[in-house]
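The values are calculated or read from the model by the stated rules, or taken from the named source; none is laboratory data. Everything quoted here is computed from the prediction, not taken from an experiment. Virtual Cβ from ideal backbone geometry, glycine too; neighbours counted across all protein chains shown. These accessible areas exclude ligands, DNA and RNA; they are computed on the full protein's heavy atoms, side chains included. Shrake-Rupley method; radii C 1.70, N 1.55, O 1.52, S 1.80 Å.
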Amino acid sequence: MKYDLTPVEILKILGFDQPLGQEALKTFQESAHIPLPKVYAGFMEYAMNCPLLGTADLWCGQMIPCEMKPCFLYDNLTDAEKAQVCDYLIIGSDYGAGIVQFGLRVEDLDQEDPPVYLQHEANPKTEWSIAYETLSQYIREVVFNALALVDYETAEDEAEEFGWEYTDYLMDYWDTHAEDEEEDEDGDSVTEETLRQKGIDPDRVEWCDCTNGGKTFCCYDEEAGVFYTGRWDFDEENTLYTISRMDCDEDE
């Protein structure tokens, strides 16, 4: 079981293994006369227009329902406002509500893995605060949340188009045991024991913060060719999904 998956590794395994965004990134850098952080460019080469991320908090080009690309804060500020804040390259927002924007300080763009800042619409456009210590942390959260179907089922819907199938552990359990006279109290919930039954070591799982509370995770059974992902909410119901090739039986 592979626990330390990078976002790029995940996309490549799922079939998005060509750096199709390379030319667009190069054109953007040349036209804007800026460098791009190695972590950002390395990920976006593969994530550009990736349909699995169509409802993610990171702008990846063609999304649902329109195209979303990075832009500069200064493009929408008056001269007086510019004097109050440094410029930011805005790279995302909270999908759906759109009340928060995420950005990188332009002065940090030459760093390999700079911090990510946020601006809330309730505050002045010049007021930004740190949201993630590193860009890689932000990207990882975006990908894990998308795969774990947090808020949206976009990844599941789009994965099917590329030959992958989601299986919901709880739905599968209920379907299998629908006619059981005695209910297994341990079987109809996702616990650490559930993970162990799937060959997952809970102590080795690399958890990632979830956008609306709890934690998400993603690991990959290299031998079976199966992803395991889900959301762990310590107050509500945990989830567990397997993502496997449609022609692959995870129990084989």
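In this structure the range 1-92 gives 48 Å² per residue of accessible area when probed at 1.4 Å with all protein chains present. The share of accessible area on the chain that comes from carbon and sulfur is 43 percent, using a 1.4 angstrom probe. Ranked by the mean number of other Cβ atoms within 10 Å of their residues, highest first, the peptides 190-199, 24-33 fall in the order 190-199, 24-33.
What are the semi-axes of the equivalent ellipsoid for the chain, taken as the square roots of 5 times the Cα gyration tensor eigenvalues, largest first, in whole Å? Write out the running numbers ahead of the final one.
Working: eigenvalues 274, 78, 46 Å².
After diagonalising the Cα gyration tensor, the semi-axes are 37, 20, 15 Å.
Please find the FRET efficiency linking Thr134 to Glu192, where r is the Cβ-Cβ separation and R0 is fixed at 25 Å, and quote it to the nearest 0.05.
Details: r = 28 Å, r/R0 = 1.13.
That gives a FRET efficiency of 0.30.
Remark: the range 143-149, residue by residue, has Karplus-estimated 3J(HN,Hα) of 5, 4, 5, 5, 5, 7, 6 Hz, where x stands for each Gly or Pro and the curve is 6.51 cos²θ - 1.76 cosθ + 1.60 at θ = phi - 60°. Peptides 46-54, 91-99 ranked from most to least packed by the mean count of surrounding Cβ atoms within 10 Å: 46-54, 91-99.
The reciprocal of the average 1/r between distinct C-alpha atoms defines the Kirkwood hydrodynamic radius, which for the range 1-108 equals 15.1 Å. Each residue of the range 118-128 was assigned a 3J(HN,Hα) from its phi angle through the Karplus curve 6.51 cos²θ - 1.76 cosθ + 1.60 (θ = phi - 60°); the sequence is 10, 10, 9, 4, 6, 9, x, 4, 8, 9, 10 Hz, with glycine and proline shown as x. Scoring 137-146, 1-10, 64-73 by mean Cβ neighbours within 10 Å over their residues and listing the highest first yields 137-146, 1-10, 64-73. For the range 43-54, backbone phi angles converted through the Karplus equation (6.51, -1.76, 1.60; θ = phi - 60°) give residue-by-residue couplings of 7, 5, 4, 9, 8, 4, 6, 5, x, 5, 9, x Hz, Gly and Pro being listed as x. For Phe72, the amide hydrogen comes within under 5 Å of the amide hydrogens of Ile90, counting only partners 5 or more places away or on other chains and with H modelled in the peptide plane. Annotation: amide H-H contacts under 5 Å for Cys60 (H modelled 1.01 Å from N, sequence separation of 5 or more, or interchain): Met68.
Place a +1 charge on the Cβ of each Lys and Arg in the range 60-107 and a -1 charge on the Cβ of each Asp and Glu, then give the dipole magnitude about the Cα centre in debye, rounded to the nearest 20.
100
For Val226, the residues whose amide H sits under 5 Å from its own are Asp221, ignoring neighbours fewer than 5 places away on the same chain, with H placed 1.01 Å from N.
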